[in-house]
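Written out below as structure tokens is the structure these notes cover.
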Amino acid sequence: MSAMDPTPATGALNGATHLFPVRVYYEDTDAGGIVYHASYLRFAERGRTEMLRALGIELSRLKKESGLIFVVNKADMQYRQSAALDDRLVVETTLKELSGASVRLAQSIHKLSEAGERAGEVFEFDVQVTCVNENGKPARLPASIREKFSAHL
């Protein structure tokens with residue numbers, strides 16, 4: 001198994017980058033068998049969520065204990081090439097910047113060869129997520145979460 005073929009299905013931290021495996025299913029594609037553009041956003045969301053889990057941040061617990069959630073408030077994306085039915089992909093998520101209430105992440109999705117090596121970038125996503133309270137107002141990141149993020153910047 002190569003460094004680009006993470007396991008288990010929740011992904012794995014590789015230094016400052018989280019790697020999350022994805023297999024393209026029929027439901028992810030359009031009528032031509034090409035990955036539908038919105039599917040890349042779902043793949044990226046799963047990658048971010050699993051990175052948080054790997055850092056010890058569970059979104060359901062955060063909401064239950066503090067009433068805080070993360071929302072995407074800025075995003076810049078670039079499609080590089082198509083992925084298709086049955087392709088193996090990996091979502092790479094890297095923390096880029098931390099501020100009072102938000103986190104900026106760089107995400108990219110790559111095709112994997114049968115050997116588990118990169119076979120081309122498919123999608124690039126620069127995203128900022130902001131911590132908000134139950135009223136939807138920005139809220140400072142709790143110190144415990146800030147520490148977990150800071151350790152991986």
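The values are calculated or read from the model by the stated rules, or taken from the named source; none is laboratory data. Just so you know, these numbers come straight off a predicted model, no measurement behind them. Because the Cβ atoms are built from the backbone with ideal geometry, glycine has one as well, and the counts that use them run over all protein chains shown.
For this structure, a couple of remarks:
- Selection status of Glu97, of a type in the set (Asp, Glu) and under 18 Å from the mean Cα position of the chain (by Cα): yes
- Options Glu92, Glu117: the member that is modelled with pLDDT under 95 and not aromatic (Phe, Trp, Tyr): Glu117
Residues checked against (1) assigned to a loop (DSSP other than H, G, I, E, B); (2) farther than 30 Å from Val24 by Cβ; (3) without any contact (Cβ under 8 Å) to a residue 40 or more places away in the chain:
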| position | (1), (2), (3) |
| --- | --- |
| Ser82 | yes, no, no |
| Gly100 | yes, yes, no |
| His110 | no, no, no |
| Ala115 | yes, no, no |
| Glu124 | no, no, no |
| Gln128 | no, no, no |
| Asn135 | yes, yes, yes |
| Lys148 | no, yes, no |
| Leu153 | yes, yes, no |
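- Condition broken by Ala31, with the remaining ones in (1) at pLDDT below 95; (2) at positive phi satisfied: (2)
- Considering the conditions (1) more than 15 Å from the chain's Cα centre (by Cα); (2) touching a residue at least 60 places away in the same chain (Cβ under 8 Å), Glu65 is excluded by exactly one of them, (2).
- Some residue of the stretch 34-49 being aromatic (Phe, Trp, Tyr), crowded, with 19+ Cβ neighbours inside 10 Å and in a helix (DSSP H, G or I): yes
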